[in-house]
1. Kindly indicate whether any position in segment 68-91 is under 25 Å from Gly43 (Cα atoms), touching a residue at least 12 places away in the same chain (Cβ under 8 Å) and among the hydroxyl-bearing types (Ser, Thr, Tyr).
2. If a residue must be out of contact with any strand residue (DSSP E or B) (no Cβ under 8 Å at 6 or more places or on another chain) and closer than 18 Å to Val58 by Cβ, how many such residues does segment 83-105 contain?
3. Let me confirm something: among Ile30, Ile77, Ile69, Ile49, which residue is surrounded by 15 or more Cβ atoms within 10 Å (Cβ to Cβ) and outside any strand (DSSP E or B)?
4. Looking at this structure, is Glu61 exposed (fewer than 12 other Cβ atoms within 10 Å of the Cβ), modelled with pLDDT under 95 and either within 13 Å of the chain's Cα centre (by Cα) or of a type outside the set (S, T, N, Q) (or both)?
5. Considering each residue of segment 92-112, count those that are touching a residue at least 40 places away in the same chain (Cβ under 8 Å), assigned to a strand (DSSP E or B) and among the hydrophobic types (A, V, I, L, M, F, W, C), and give that number.
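The values are calculated or read from the model by the stated rules, or taken from the named source; none is laboratory data. Owing to the predicted nature of the structure, the values given are computational and were not obtained by experimental measurement. All Cβ positions, glycine included, derive from the backbone under ideal geometry; neighbour counts span all protein chains shown.
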Amino acid sequence: MRRVEHMSEEPRTHTLIADDWEALIGIAPISAERFQIQRAFQGTGAKVIRLSFAAGQVMREHSTNAPLIVQLLDGRIDFRIAGETIEMTRGTILHVEPGELHELEARADSHVLLTLCA
């Protein structure tokens, strides 16, 4: 990832989280042992998390205490929520209310971007 230096003494108004595909994917490389979770950013009002799954890996049913945006960057994920299975493909974006139980199962090697909103 290219770094851009902040030259001003004024407070920062933004944060560059990733500036290219390789940097974004590299935050959480796929592991055959278990799915990977890495925090990419935490700031005012939001936390950005990268997940990666090898095909067949499952993140068992769980919930969050904040609204959640789930974005599939690459791969195929079965996202189970409220008795429904949503077949996520590259580019699918889903909003989940706080407290809703959900589960993810990778149908192919997959990269997910989560945004937890405060």
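1. Within segment 68-91, not a single residue is under 25 Å from Gly43 (Cα atoms), touching a residue at least 12 places away in the same chain (Cβ under 8 Å) and among the hydroxyl-bearing types (Ser, Thr, Tyr).
2. 2
3. Working: Ile77 fails: outside any strand (DSSP E or B); Ile69 fails: outside any strand (DSSP E or B); Ile49 fails: outside any strand (DSSP E or B).
Matching residue, one of Ile30, Ile77, Ile69, Ile49: Ile30.
4. No, not satisfied.
5. Number satisfying all stated conditions: 3.
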